[in-house]
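Quick notes on the structure that follows.
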Amino acid sequence: MLEKREEMEKIFDTHAHYDNPVFDEDREELIAKLPCYGIGSVVNVGASIDSSKRTLELVRQYPFFYGAVGVHPSETAELTEEGMIFLREAALQERIVAIGEIGLDYYWDSPKREIQKQWFIRQLELARELALPIIIHSRDAAKDTMEILKEQKAEGIGGVIHCFSYSAELAREYLDMGFYLGIGGVLTFSNAKKLKEVVEMAPLERLVLETDCPYLAPVPNRGKRNDSLNLSYVAEEIARIKQVAYQEVADITFDNAERLYRLKE
Ligand code: NI
């Protein structure tokens, strides 16, 4: 875990779900201590209409929080025109920096693929209209995700492939389109051979750190509730693979996140 220090490298958690009910018992206490442990910024990511609303509240409450609003593919059965109007208004609020997470999930494979695709495209269009980057969730849906992104000319929208889980070859294609790759706890798993290859191949300038908390805690906390304090384990593993200093990983991925979410003009 990160140590409590005054002067230190800052870490940017580009993808968290602190609105999740598993944080209800100690959310305030936990979030209040993140800056003391070097967490410089957090993007809380919506996955439904309700969690997008709670994201707006968290962003209002914590100055080092930013937000993304959007509906996760597995939740798209709930999306309606009214929902799209809400997302548009929400996306215009202060410190809302992206549309997400959006995409396709054929692992859970519900609702029907046609419904997932329809709302993925609609939310891509919203991101384009508002000139916001996208946070892509794509699981067991590599081909269709890429097809839609190409059709929609998403390289002009930009964004991040969150929790990247595909091959180094596909990573190359996403990098060529200008996307960032979101790297989290999975990188520390012993069976993460493919992801380690991706990290080895990709330029450090195109990787961003993410927890996806409360999910996907890295080793040695695998299986437990995740939070941003665990990102040091992910940064350490990237440093090991790329043979650079931990400090460099923290600094460069922080800058990358600021570029991804266009926080500096
Ligand atoms: Ni997520």
Diffusion constant of the chain at 4 °C, which comes from Stokes-Einstein with the Kirkwood Cα-pair radius and 1.567 mPa s, µm²/s: 71 µm²/s
Of all accessible surface on the chain at a 1.4 Å probe, what whole percent is carbon and sulfur? 49 percent
Per DSSP H run of at least 4 residues, take -39500 (n - 2.57); add these up for the chain, divide by its residues and hand me the 222 nm value, nearest 500 deg cm²/dmol. -12000 deg cm²/dmol
Based on the mean of other Cβ atoms within 10 Å per residue, sort peptides 82-91, 163-172, 129-138 so the most packed one is first. 129-138, 163-172, 82-91
Please report, in whole Å, how far the alpha carbons of the range 72-143 spread along each principal axis, starting with the longest. 34, 23, 16
Within the P(r) computed for the range 1-123, what percentage of the Cα pairs occupies the region above 20 Å? 47 percent
Inter-label distance for K264 and N191, nm, one decimal - labels placed 7 Å from Cα along Cα-to-Cβ: 4.0 nm
Net charge (Lys, Arg +1; Asp, Glu -1) of residues whose beta-carbon lies under 11 Å from that of L130, L130 excluded, is -1
Regarding the range 107-246, what is the average projected area of its C-alpha convex hull, in nm²? 8.7 nm²
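The values are calculated or read from the model by the stated rules, or taken from the named source; none is laboratory data. Quantities reported herein were computed from a predicted structural model and do not represent experimental measurements. Note: ideal-geometry Cβ built from the backbone for every residue, glycine included; neighbour counts use all protein chains shown. To get the accessible areas, we keep the full protein, side chains included, count just its heavy atoms, and leave off ligands, DNA and RNA. Shrake-Rupley method; radii C 1.70, N 1.55, O 1.52, S 1.80 Å.
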